[in-house]
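The values are calculated or read from the model by the stated rules, or taken from the named source; none is laboratory data. No experiment lies behind these values; they were computed from the predicted model shown. Every residue, glycine as well, gets a Cβ built from its backbone with ideal geometry; the counts of neighbours run over all protein chains shown.
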Amino acid sequence: MARRRYGWKALLAALILCMAAVAPALAEVTPLPIDDSPGLPPLSEGYQDGLVYEDPSIRVTIEQRRDYGTDYWVARITLQHPSQLRTASAAGFESQRTIDGMVLARRMRGVLSINGDYFSYNPDGFLIRQGQSYRNQPNRFRDLLLIDAKGDFHLVLQSRHDQLAGFAEGEIVNSFNFGPALVVNGERVKKFWNNGYAAHKPRQRIAIAQVEKGKLEYLAIVSAGSGFKGSNRGLTIEEFSNVVVKLGVESAYNLDGGNSTMMMFNDTYINADLADSMREISDIIYFASAYKPDGQ
């Protein structure tokens, strides 16, 4: 009987030691403020062989693929807290200024950064960034992406004021007005508006996607264009949506493509062939670290 009691005590002690070892690591992942501040500095040792970054708060992997005679890159991002999906602008979301995307990504300490929707180009739209509301003029000729405080995506097709009434004040952290939606509830969108952004012509394309509501798993997908090496011709919106839906996402949304198309990782443009021709942009979407090592 004495030996049996000792066995239970040993097991209990081992469990306590395990919990003590795990607790500090969990405590080091801290939610980021919903404001214009940058993420925590990425760890230099977090960048691994190939296109991989990992720390206790975020994991990013990037792979290159090819379809329709065009190269494209898929970044897979897993976060520990929704505040790590963030946006930033060149000089505030009431400004018309633009900036080199890499400069802005470095300023905000993005582990992975992509261009946004060039919010300053269009005077209308339903614009909320980092929890702050700037415009309430939804455009019915554009689809809207809303990202809530839980990090979940909501796609509003041909957006109107009445479609936004169900969202509580403060529930939406970021919104985007470029579009169109590519995948809704796991199904590829079949019809696309020709809204003046070359939807039916081969172009560089970029999209952001959520794998499944309730999970902090996202994809960023960027394609090459007609001027890239390897006889790339670019993708139409329909072709791009076919590429994206095969990645198994629940929601996906097209962002500003063409010469605005940028994916930035470890101080490098992933789509770098035409870096000299990339235009300055007004905003980025970035995925930040929320990990602070002991003693820092």
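Assorted remarks:
- Members of the range 23-80 that are buried (at least 17 other Cβ atoms within 10 Å of the Cβ) and small (Gly, Ala, Ser): Gly39, Gly46, Ser57, Ala75
- Residues in the range 83-99 that are part of a loop (DSSP other than H, G, I, E, B) and either closer than 24 Å to Lys150 by Cα or more than 18 Å from the chain's Cα centre (by Cα) (or both): 8 in all.
- Of all the listed residues (Arg97, Arg135), the sole one being among the basic types (Lys, Arg) and either closer than 16 Å to Ile281 by Cα or in contact with a Cys (Cβ under 6 Å, 6 or more places away or on another chain) (or both) is Arg97.
- Restricting attention to the range 66-92, the residues that are more than 17 Å from Val211 (Cβ to Cβ) and touching a Phe, Trp or Tyr at 6+ places or on another chain (Cβ under 6 Å) add up to 1.
- Extreme residue, farthest from Asn232 (Cα to Cα), among residues of the range 254-296 that are modelled with pLDDT under 90 and polar (S, T, N, Q): Gln296
- Matching residues in the range 130-184 - criterion: being touching a residue at least 60 places away in the same chain (Cβ under 8 Å) and small (Gly, Ala, Ser): Gly131, Ala149, Gly151, Gly179, Ala181
- Residue in the range 67-76 that is polar (S, T, N, Q) and part of a helix (DSSP H, G or I) present: no
- Tally, over the range 139-163, of residues that are out of contact with any helix residue (DSSP H, G or I) (no Cβ under 6 Å at 6 or more places or on another chain), at pLDDT 90 or above and of a type outside the set (Val, Ile, Thr): 11
- Test result for Asn259, in a loop (DSSP other than H, G, I, E, B), polar (S, T, N, Q) and either under 26 Å from Gln158 (Cα atoms) or touching a residue at least 40 places away in the same chain (Cβ under 8 Å) (or both): no
- One residue alone among Ser95, Ser120 is over 23 Å from Gln210 (Cβ atoms) and in contact with a helix residue (DSSP H, G or I) (Cβ under 9 Å, 6 or more places away or on another chain), and that residue is Ser95.
- Count of the range 25-66 residues, restricted to those that are assigned to a helix (DSSP H, G or I) and without any contact (Cβ under 8 Å) to a residue 40 or more places away in the chain, is 5.
- Residues that are surrounded by fewer than 21 Cβ atoms within 10 Å (Cβ to Cβ), part of a strand (DSSP E or B) and over 16 Å from the mean Cα position of the chain (by Cα), drawn from the range 127-151: Gln132, Ser133, Tyr134, Arg135, Asn136, Gln137
- Qualifying residues in the range 172-188 (those that are assigned to a loop (DSSP other than H, G, I, E, B) and modelled with pLDDT of 95 or more) - the one surrounded by the most Cβ atoms within 10 Å (Cβ to Cβ): Gly186
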